[in-house]
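This report refers to the structure that appears directly beneath it.
Laboratory data are not the source of any read-out in this text; all were calculated from the coordinates shown. Given the structure is predicted, the values throughout are model-derived calculations rather than measurements. A quick note on method: Cβ atoms are made from the backbone with ideal geometry, for glycine too, and the neighbour counts reach across all protein chains shown.
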Amino acid sequence: MHFKLIIAFVEDEKTDKVMKAARESGATGATVINNARGEGLDKGKTFFGLSLETQRDVVLFLVEEHLSRHILEKISDVGEFDSSPGSGIAFQIDVEDAVGVAHQIEKLTDFVEEVL
């Protein structure tokens, strides 16, 4: 089984919704890194040196490759990445190898066969 890593930068108030949507689309779990900051096309607003931008969470999903595009699109829809500028981004990268996922492979095998 081959995997992809989906990395999503999500507004912190949308993290739970994004994770729920990813699970419903076939993701078996995620790792959340809280309180990330970043800038898009426009520089962030400040008030006396304090950022007024909302905090972001970085959410990492290790997903089966056949499910990855569907999960990525669902994350984008729920996070409103394309409809609301500055709300977040997500992308996927190939994973050459992974360990510690044997229990996930057992659960994913039947699910992926149904999808294919």
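Data for the structure
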| quantity | calculated |
| --- | --- |
| Nitroxide proxy distance, nm - points 7 Å out along Cα→Cβ at ILE7 and GLU73 | 2.4 |
| Residue order, fewest to most surrounding Cβ atoms within 10 angstrom, among PHE91, PHE81 | PHE91, PHE81 |
| Per-residue Cβ neighbour rank within 10 angstrom, fewest leading, PHE3, PHE9, PHE61 | PHE9, PHE3, PHE61 |
